[in-house]
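The values are calculated or read from the model by the stated rules, or taken from the named source; none is laboratory data. Keep in mind that this is a model prediction, so the values were computed, not measured. In this analysis, Cβ positions are derived from the backbone assuming ideal geometry, glycine residues included, and neighbour counts consider all displayed protein chains. For accessibility, only protein heavy atoms count, side chains too; no ligands or nucleic acids. Shrake-Rupley method; radii C 1.70, N 1.55, O 1.52, S 1.80 Å.
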Amino acid sequence: MSKEVKPDSISLCPLSAAAALEQELLCIFGTGDLGRSLGQRLLQTGYRVVYGSRRPHSCGLLPQGAQVRSHAAAAEPASLVFICIHREHYDFLETLAPHFKGKVLVDVSNNLKKNLYPEANAEYLQRLIPGAHVVKGFNTLSAWALQNGPSDANRQVYLCGNSAEAKEAVAEVATKLGFTVLDKGSLSSARELEDFPLQLFPEWRLPLRLAFGLTVFFFFYLLIRTVVSAYVEQGKDISFRIMASLANKVFPIVSLIMLSLCYLPGVIAAFLQLYRGTKYKRFPDWLDRWMLCRKQLGLLALGFASLHVLYTLIIPIRHVTGANHLILLPSIRLNHTIPFDTTMAWRTDSYYAMGILGFGLYLLLGITSLPSVSNALSWREFSFIQSKLGYLTLFICTFHTYLYGWDKFLWVSGYTWYTPPGYMLSLVLPSAVMLLKLLLVLPCVDRSLTRIRQGWERSDPEDDSKNSLLT
């Protein structure tokens with residue numbers, strides 16, 4: 001009786017011989033979520049995919065069109081192998097070192113926390129298999145990003161390795177998948193790449209700290225000026241205003257200041273270029289970091305503006321349904337008629353109109369900052385919206401705040417405990433930004449700044465004197 005022999009590999013959807021000759025074979029070790037998603041994208045791009053598994057006959061659901069073999073059989077015909085397994089399972093790879101000789105191994109592993117091991121995973125893999133060319137890459141992509149492709153956002157693939165030919169082979173695969181490749185140098189940069197996925201909002205830390213600090217400061221500042229002062233001087237308990245009225249004063253103040261901080265670094269950079277007379281000198285580190293987080297500052301400003309709009313819509317409802325309508329009862333009983341004030345009507349309508357226009361432009365800036373939208377715009381269109389319309393948004397929102405204040409700055413009663421109202425403090429920074437920007441758009445200043453940004457440099461008198469002495 002003949003004994004049944006199981007085949008060494010299983011094809012989930014066999015390909016024709018002609019198609020198989022035209023397509024390059026890539027190997028993937030690991031049949032988890034990332035391995036399956038990567039294999040599916042490779043198959044859609046036109047590659048042939050073979051999986052290496054401990055249990056090739058019972059490894060679960062895999063993309064249709066892929067083959068499943070044992071680790072040794074899968075690695076043998078492929079010149080490039082993706083290692084989609086955790087570091088703690090790397091030990092068995094050492095026994096397959098003869099099969100990996102001269103091949104490219106792409107390490108896509110990550111750790112659960114920083115400095116978990118004394119060396120990077122890719123460096124450890126290279127030490128285990130010295131005959132292979134290890135490249136660290138694809139570890140910053142999630143399984144979801146691989147399944148949906150880079151069309152939803154600008155996805156970058158970071159690579160590092162000691163072999164230029166190996167990195168070029170991996171970069172070719174990443175480019176065919178539709179990703180942008182960024183070479184980070186030798187394999188010594190692997191730890192930096194492995195730390196990328198562990199970072200929690202690295203570009204948002206400074207903006208979030210600023211937003212939190214401003215919110216806390218103005219909350220307690222307004223709390224002391226309104227609730228505490230009313231209780232100390234008049235014995236009134238108006239603490240109920242903390243949840244809605246007080247919060248609705250904090251949100252617009254923080255929003256306007258954050259929007260000003262979004263455009264202030266560009267103004268400072270322009271004056272710095274004018275002072276230096278060149279664009280080829282680096283900005284200070286603090287200004288570089290500030291300019292890199294402008295998008296996050298703007299989005300946080302939009303968030304606070306949205307909260308201000310919601311609270312503004314809710315507060316009138318609270319006044320109608322609450323006990324505040326009782327204030328009008330004495331005037332109704334005495335049949336008093338309040339005369340119509342045309343100036344106040346103009347001020348109120350203009351105040352609301354500027355607020356609506358400002359928030360509409362706010363939304364436009366926020367939408368165009370999304371990668372899926374900004375990628376569809378040309379640089380000139382994106383610059384026009386974020387720069388020209390951005391300053392227009394800042395001007396309208398600042399004007400909106402001035403209309404809110406109107407002539408309140410003349411009221412002595414408004415300076416509770418000799419402190420200025422919150423809206424006056426919020427106007428300092430945006431007014432300064434608008435004034436500085438106005439100076440930059442003056443024809444004489446704008447002409448010089450344009451020449452500098454086009455490459456012109458102002459000669460240094462000391463350099464000229466040195467050159468004349470040398471000649």
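Tabulated values for the structure
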{"read-out": "Charge dipole magnitude, Cβ of K and R +1, D and E -1 - the range 202-466, Cα centre, debye nearest 20", "value": "260"}
{"read-out": "Residue among Ser350, Cys59, Cys397 farthest towards the positive dipole end of the chain, charges placed on Cβ", "value": "Ser350"}
{"read-out": "Integer Hz, Karplus 6.51/-1.76/1.60 couplings in order for the range 106-121, x for Gly and Pro", "value": "9, 8, 10, 6, 9, 9, 7, 7, 6, 6, 6, 10, x, 9, 5, 4"}
{"read-out": "Placed amide H near Ala132: partners under 5 Å, 5+ positions off or other chain", "value": "Gly102"}
{"read-out": "Spin-label pair Trp286/Ser459, simplified geometry with 7 Å Cα→Cβ offset, distance in nm", "value": "3.5"}
{"read-out": "Crossing angle, helix 443-453 versus the chain [Cα axis fit, 0-90 degrees, rounded to tens]", "value": "10"}
{"read-out": "Fraction in percent of alpha-carbon pairs per bin - 10 Å, the range 50-123", "value": "17, 48, 28, 7"}
{"read-out": "Student exercise, the range 24-198 dipole from Lys, Arg, Asp, Glu Cβ charges, in Debye to nearest 20", "value": "320"}
{"read-out": "Length-normalised contact order for the range 227-319 - Cα pairs under 8 Å, 6+ apart - percent", "value": "40"}
{"read-out": "Difference of contour (0.36 nm per residue) and Cα-Cα distance, Phe212 to Leu392", "value": "62.2 nm"}
{"read-out": "For the range 174-185, Karplus couplings with θ = phi - 60° (6.51, -1.76, 1.60), whole Hz, Gly/Pro x", "value": "4, 5, 5, 6, x, 9, 9, 9, 10, 7, 9, x"}
{"read-out": "For the range 139-288, the fraction of alpha-carbon pairs in successive 5 Å shells from zero, as %", "value": "2, 7, 10, 10, 10, 10, 11, 11, 9, 6, 5, 4, 2, 1, 1, 0"}
{"read-out": "Size of charge dipole - the chain - debye, nearest 20, with Cβ of Lys, Arg +1 and Asp, Glu -1, no other charges", "value": "760"}
{"read-out": "For q = 0.15, 0.16, 0.25, 0.27 Å⁻¹, Debye-computed log10 I/I(0) when each Cα of the range 41-92 counts as one equal scatterer", "value": "-0.44, -0.50, -1.15, -1.27"}
{"read-out": "Hydrodynamic radius by Kirkwood, which averages 1/r over all alpha carbon pairs of the chain, in angstrom", "value": "28.1"}
{"read-out": "In degrees, nearest ten, helix 428-440 long axis to first principal axis of the chain (Cα)", "value": "80"}
{"read-out": "Long pairs among Lys101/Lys176; Lys249/Lys295; Lys103/Lys176; Lys184/Lys279; Lys101/Lys136, criterion Cα-Cα beyond 22 Å", "value": "Lys101/Lys176; Lys249/Lys295; Lys184/Lys279"}
{"read-out": "Sorted peptide list for 166-172, 207-213, criterion being average Cβ within 10 angstrom, highest first", "value": "166-172, 207-213"}
{"read-out": "Leading residue at positive end of dipole, the chain (Cβ point charges), from Leu38, Pro118, Ser459", "value": "Ser459"}
{"read-out": "Between 0 and 90°, nearest 10: helix 245-276 axis offset from the chain longest Cα axis", "value": "70"}
{"read-out": "Accessible area of Tyr362 in the full protein assembly, 1.4 Å probe (Å², nearest 10)", "value": "10"}
{"read-out": "Quotient of Cα Rg and 2.2 N^0.38 Å for the range 24-198, N being how many residues it contains", "value": "0.94"}
{"read-out": "Positive-end residue of Thr180, Phe196, Gln147, charge dipole of the range 24-198 with Cβ unit charges", "value": "Gln147"}
{"read-out": "Helix-only mean residue ellipticity at 222 nm for the chain, each DSSP H run of n ≥ 4 adding -39500 (n - 2.57), per residue, nearest 500", "value": "-16500 deg cm²/dmol"}
{"read-out": "Equivalent ellipsoid dimensions for the range 202-466 as semi-axes, Å, which come from the Cα gyration tensor, largest first", "value": "43, 20, 19"}
{"read-out": "DSSP beta bridges in the chain [antiparallel fraction, %, rounded to 5]", "value": "20"}
{"read-out": "Along principal axes, Cα extents of the range 76-171, largest first, whole Å", "value": "41, 31, 21"}
{"read-out": "Lys113 - accessible surface, heavy atoms, 1.4 Å probe, Å² rounded to 10", "value": "120"}
